[in-house]
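A.B. asks: Got a structure for you, questions after.
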Amino acid sequence: MTALCKKIILLGPPGAGKGTHACMLSKRLDIPHISTGDILREAVNKGNRLGLVARGFMNRGELVPDNIMAEIITNRLRKKDVREKGFMLDGFPRTQAQAEALERTLRGGADIVLYFKTSADVCISRLSGRRICKVCGANYHIKNIPPKKEGVCDECKGPLYQRQDDKEDTIRKRLRVYNKQTSSLINYFRRQGILKEVNGDIDLKPLHRIIVKLLM
Ligand code: AP5
């Protein structure tokens, strides 16, 4: 399936479902999924320079500094797959400075910004129940998407773990940080005429169908 929109930004609070929908859309539309959270977590696991800087910010639920994030995204967007197929940005931009850095890199804007409007209660319940496979990265939820065997990945039998920043106190902090530093981007992109709002509270499949139509 080929989408009309190929430069896509997913915006919304932690737990809105950005990562889950980006994975589904990326497979269906063959557009690279770029998650800044995943890039940072990989660096933390490797223990490299970026990871050592990012770890403290992430564990506290704070944003990693803009200059570091802008450099990561600029380098990633230069890669061949992005030049050929476009991108689906999940978790970037998160501040006005990041949005401006992105526009400089693209020499223009994105085609569409999908804003996942999601209530805080839903975000907290999704994130506190989220479990991830240590081996293949598959995503579960202890109630909504439980694995067949508790603590074990259905796909590869790897162990499931809870993200360090998915503890309730840190989730609440991430939501405060989102409201303070990121939510103003909703109006920023609305003024550009590229924002499309979707209801992040609804189930995965109906929302996926709505989004696919918006991208066609
Ligand atoms: P990041 O990894 O980007 O975390 P986040 O934005 O907080 O997003 P999440 O992954 O927690 O939520 P999501 O919306 O993707 O939801 P998901 O699909 O997983 O960032 C982590 C940290 O890295 C930040 O705090 C910051 O420190 C740093 N960072 C990253 N980017 C940065 C940047 N640009 N600038 C500065 N710092 C940056 O879904 C959640 C759960 O709900 C899953 O279990 C899923 O299965 C379930 N679920 C989703 N949708 C539904 C549904 N419709 N129905 C039922 N269950 C659902």
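The values are calculated or read from the model by the stated rules, or taken from the named source; none is laboratory data. Given the structure is predicted, the values throughout are model-derived calculations rather than measurements. Note that each Cβ is placed from the backbone with ideal geometry, even for glycine, and that neighbours are counted across all protein chains shown.
A.B. asks: Among the residues of region 185-216, which ones are exposed (fewer than 13 other Cβ atoms within 10 Å of the Cβ) and more than 10 Å from the ligand (Cβ to nearest atom)?
C.D. replies: N187, R191, G193, R209, K213, M216
A.B. asks: Which one of G158, G91, G137 is on the phi > 0 side of the Ramachandran plot and modelled with pLDDT of 95 or more? Show your work before the answer.
C.D. replies: Numbers: G158 fails: on the phi > 0 side of the Ramachandran plot; G137 fails: modelled with pLDDT of 95 or more.
Going through G158, G91, G137 in turn, the sole match is G91.
A.B. asks: Something else now. With the requirement that a residue be at negative phi and charged (D, E, K, R), what does region 1-56 give you?
C.D. replies: Matches in region 1-56: K6, K7, K18, K27, R28, D38, R41, E42, K46, R49, R55.
A.B. asks: Report yes if I68 is surrounded by 19 or more Cβ atoms within 10 Å (Cβ to Cβ) and either more than 9 Å from the ligand (Cβ to nearest atom) or assigned to a helix (DSSP H, G or I) (or both), otherwise no.
C.D. replies: Values: surrounded by 19 or more Cβ atoms within 10 Å (Cβ to Cβ): no; either more than 9 Å from the ligand (Cβ to nearest atom) or assigned to a helix (DSSP H, G or I) (or both): yes.
No; evaluated as a whole, the condition is false for this residue.
A.B. asks: Which residues, counting only those in region 106-131, are surrounded by 17 or more Cβ atoms within 10 Å (Cβ to Cβ), small (G, A, S) and assigned to a helix (DSSP H, G or I)?
C.D. replies: Matches in region 106-131: G129 only.
A.B. asks: What are the residues in region 144-153 that are at pLDDT 90 or above and either surrounded by fewer than 16 Cβ atoms within 10 Å (Cβ to Cβ) or outside any loop (DSSP other than H, G, I, E, B) (or both), if any?
C.D. replies: Answer for region 144-153, where residues must be at pLDDT 90 or above and either surrounded by fewer than 16 Cβ atoms within 10 Å (Cβ to Cβ) or outside any loop (DSSP other than H, G, I, E, B) (or both): P146, K148, K149, E150, G151, V152.
Okay, residues lined up against (1) modelled with pLDDT under 95; (2) touching an Asp or Glu at 6+ places or on another chain (Cβ under 8 Å); (3) in a strand (DSSP E or B); (4) more than 10 Å from the ligand (Cβ to nearest atom):
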position: A3; (1), (2), (3), (4): yes, no, no, yes
position: A16; (1), (2), (3), (4): no, no, no, no
position: G19; (1), (2), (3), (4): yes, yes, no, no
position: C23; (1), (2), (3), (4): yes, no, no, no
position: R28; (1), (2), (3), (4): yes, no, no, yes
position: L40; (1), (2), (3), (4): no, no, no, no
position: N45; (1), (2), (3), (4): yes, no, no, yes
position: L50; (1), (2), (3), (4): yes, no, no, yes
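A.B. asks: Cβ-Cβ under 6 Å, sequence separation 6+ or interchain: first residue in region 188-216 and acidic (D, E), partner more than 9 Å from the ligand (Cβ to nearest atom). Which pairs?
C.D. replies: E197/Y115; E197/K117; D201/S119
A.B. asks: Could I ask something else about it? For the subset of region 34-61 comprising residues that are among the β-branched types (V, I, T) and touching a Lys or Arg at 6+ places or on another chain (Cβ under 9 Å), which member is nearest to I124 (Cα to Cα)? Can you show your working first?
C.D. replies: So in region 34-61, the residues among the β-branched types (V, I, T) come out as 34, 36, 39, 44, 53.
Among the residues that remain, those that are also touching a Lys or Arg at 6+ places or on another chain (Cβ under 9 Å) are: 34, 36, 39, 44.
Values: I34: 24, T36: 21, I39: 23, V44: 24 Å.
The qualifying residue nearest to I124 (Cα to Cα) is T36.
A.B. asks: OK, next. Yes or no: region 100-110 includes at least one residue that is more than 21 Å from Y188 (Cβ to Cβ) and more than 8 Å from the ligand (Cβ to nearest atom). If you could, list the steps in order and put the result at the bottom.
C.D. replies: Initial filter on region 100-110 (more than 21 Å from Y188 (Cβ to Cβ)): none.
Scanning region 100-110 turns up no residue that is more than 21 Å from Y188 (Cβ to Cβ) and more than 8 Å from the ligand (Cβ to nearest atom).
A.B. asks: Continuing with this model, one more query. Step by step: first the residues of region 95-105, then only those that are surrounded by fewer than 20 Cβ atoms within 10 Å (Cβ to Cβ) and touching a residue at least 12 places away in the same chain (Cβ under 8 Å), then the one that is nearest to R163 (Cα to Cα). Which residue is that? Show your work before the answer.
C.D. replies: Residues of region 95-105 that are surrounded by fewer than 20 Cβ atoms within 10 Å (Cβ to Cβ), as a first pass: 95-97, 100, 103-105.
Still in the running and touching a residue at least 12 places away in the same chain (Cβ under 8 Å): 95-97, 105.
Numbers: T95: 23, Q96: 27, A97: 27, T105: 31 Å.
Filtering region 95-105 for residues that are surrounded by fewer than 20 Cβ atoms within 10 Å (Cβ to Cβ) and touching a residue at least 12 places away in the same chain (Cβ under 8 Å), the one nearest to R163 (Cα to Cα) comes out as T95.
A.B. asks: While we're here: Going residue by residue through region 148-164, is there one that turns out to be of a type outside the set (V, I, T) and touching a helix residue (DSSP H, G or I) at 6+ places or on another chain (Cβ under 7 Å)?
C.D. replies: So in region 148-164, the residues of a type outside the set (V, I, T) come out as 148-151, 153-164.
Then keep just the ones that are touching a helix residue (DSSP H, G or I) at 6+ places or on another chain (Cβ under 7 Å); that gives 164.
Yes, some residue in region 148-164 is of a type outside the set (V, I, T) and touching a helix residue (DSSP H, G or I) at 6+ places or on another chain (Cβ under 7 Å).
A.B. asks: Which of (1) near the ligand (Cβ under 8 Å from one of its atoms); (2) more than 17 Å from the chain's Cα centre (by Cα) is the odd one out, the single condition R163 does not satisfy?
C.D. replies: Single failed check for R163: (2).
A.B. asks: Right, next: Which pairs have Cβ atoms under 6 Å, sit 6 or more apart or on different chains, and link a residue in region 76-88 that is in a helix (DSSP H, G or I) to one that is surrounded by fewer than 17 Cβ atoms within 10 Å (Cβ to Cβ) and among the hydroxyl-bearing types (S, T, Y)?
C.D. replies: If the second residue must be surrounded by fewer than 17 Cβ atoms within 10 Å (Cβ to Cβ) and among the hydroxyl-bearing types (S, T, Y), the pairs left are L77/T105.
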